[in-house]
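Scroll down for the structure; my scribbles are underneath it.
None of the figures in this text is laboratory data; all of them are computed from the coordinates on show. This is a predicted model, so every value here is computed, not measured. All Cβ positions, even for glycine, are placed from backbone atoms using ideal geometry, and neighbour counts span all protein chains on display.
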Amino acid sequence: MPTNPLSPLDAFDLTGKVAVITGGSRGLGRAMAEAYSAQGATVVIASRKAEACEMAAVGISEKTGGTVLGLGCHVGDWDQCTKLVQRVISEFGRIDVFVNNAGMSPLYESLGTVSEALFDKVIDVNLKGPFRLSALVAEHMVATRTDDEPSGSIIGVSSVASTQPSSGEIPYGAAKAGLNSMMVGLAHMFGPRVRANVIMPGPFLTDISKAWDMDAFNENARKNIPLRRGGEADEIVGAALYLASNASSYTTGSVIKVDGAMTWAAG
Ligand SMILES: NC(=O)c1ccc[n+]([C@@H]2O[C@H](COP(=O)([O-])OP(=O)(O)OC[C@H]3O[C@@H](n4cnc5c(N)ncnc54)[C@H](OP(=O)(O)O)[C@@H]3O)[C@@H](O)[C@H]2O)c1
């Protein structure tokens, strides 16, 4: 519901909200975690490596002065997903923002060499885990809010591969397309107490890009990306803050591209 802030920028304030970000230990997730904490949210970051999350939590907290908790969770494992949601609720009593950011796209030589194990892993991390986490979080949000309160916000971090997959990311693109679809479904099923949206990044220069041939990438970027480069992690923050906060109170079921206009088709 609208909040009638004194200044339009007040709508981006996250004070009093609890935000959980999977894959928050580095890359785009860490940039989002830092921004949410700076805007006043209590932040939980979760990834497979608990220690990396704890270290990131300390680093962010030192910078922002906010409460940040790092927890281990392999999002492809539903038991661990359930435990993560339960732990956050028992620790902080609520979840207001949940970002399904953890994701990965392993390299393969050809489609025929993609093993069943690799395919399952890609689906587990990029789609199956976000399904379980979003289902639990959405039901929690519906049960603990009224229609008059600001909605809870669930965000999926998808990829331009979900609409325009290259040859090296066919299973990943399919999983991320599923994530796009799932967020639209959640928006319809759980509104008005829950809003669900997607951020669709183009190429970002995070750890993922360490596997890229950067000369080829830069040449391609100069020709095919209107902004002529890959994104830096903190360039995801504007969209992430918008969707997490009351600034997006009338935005749900949307896909926001942050891709330098790399993709042409409507996403
Ligand atoms: N960078 C890009 O070019 C790009 C483009 C389009 C979309 N995206 C999407 O944006 C999201 C973030 O990407 P990024 O570039 O920031 O990636 P990144 O730098 O590789 O970081 C990935 C994060 O996810 C965590 N993670 C990986 N597997 C996990 C699992 N099974 N369970 C829990 N956490 C897991 C990692 O921590 P641990 O290793 O500790 O688990 C790490 O915190 C991903 O969903 C990715 O698909 C990225």
Inset, instruction - Per DSSP H run of n ≥ 4, the term is -39500 (n - 2.57); total these for the chain, divide by its residue number, and report the mean residue ellipticity at 222 nm rounded to 500 deg cm²/dmol. - result: -12500 deg cm²/dmol
Inset, instruction - Calculate, for Leu9 and Ser249, the FRET efficiency according to 1/(1 + (r/R0)^6) with r their C-beta to C-beta distance and R0 22 Å; round to the nearest 0.05. - result: 0.90
Inset, instruction - Output the antiparallel fraction of DSSP beta bridges having both residues in the chain, as a percent to the nearest 5. - result: 0
Inset, instruction - Using θ = phi - 60° and the Karplus relation 6.51 cos²θ - 1.76 cosθ + 1.60, list the HN-Hα couplings for segment 158-167 in order, rounded to whole Hz, with x at every Gly or Pro. - result: 9, 6, 4, 5, 6, 10, 9, x, 7, 5
Inset, instruction - Tell me the label-point distance for the pair Ala50, Arg229, using the 7 Å Cα-to-Cβ offset, in nm and rounded to one decimal. - result: 4.0
Legend entry - Degrees separating the helix 78-92 axis from the principal Cα axis of the chain, which is the longest one: 30
Inset, instruction - Note down the Stokes-Einstein diffusion coefficient of segment 207-267 in µm²/s, whole number, using a Kirkwood radius over alpha carbon pairs, 10 °C, and 1.306 mPa s. - result: 118
Inset, instruction - Return the inverse of the average 1/r over all pairs of distinct C-alpha atoms in the chain, which is the Kirkwood hydrodynamic radius, in Å to one decimal. - result: 18.6
Legend entry - Pair Ala117, Glu219: separation of 7 Å Cα→Cβ label points (nm): 3.6
Legend entry - Length added when fully stretched, Arg87-Lys210, from 0.36 nm per residue minus Cα-Cα: 40.9 nm
Legend entry - Contour excess over end-to-end distance, with Cα ends at Glu149 and Val58 and 0.36 nm allotted per residue: 29.6 nm
Legend entry - Using a Förster distance of 30 Å, the FRET efficiency for Ser181-Trp264 (Cβ separation, nearest 0.05): 0.90
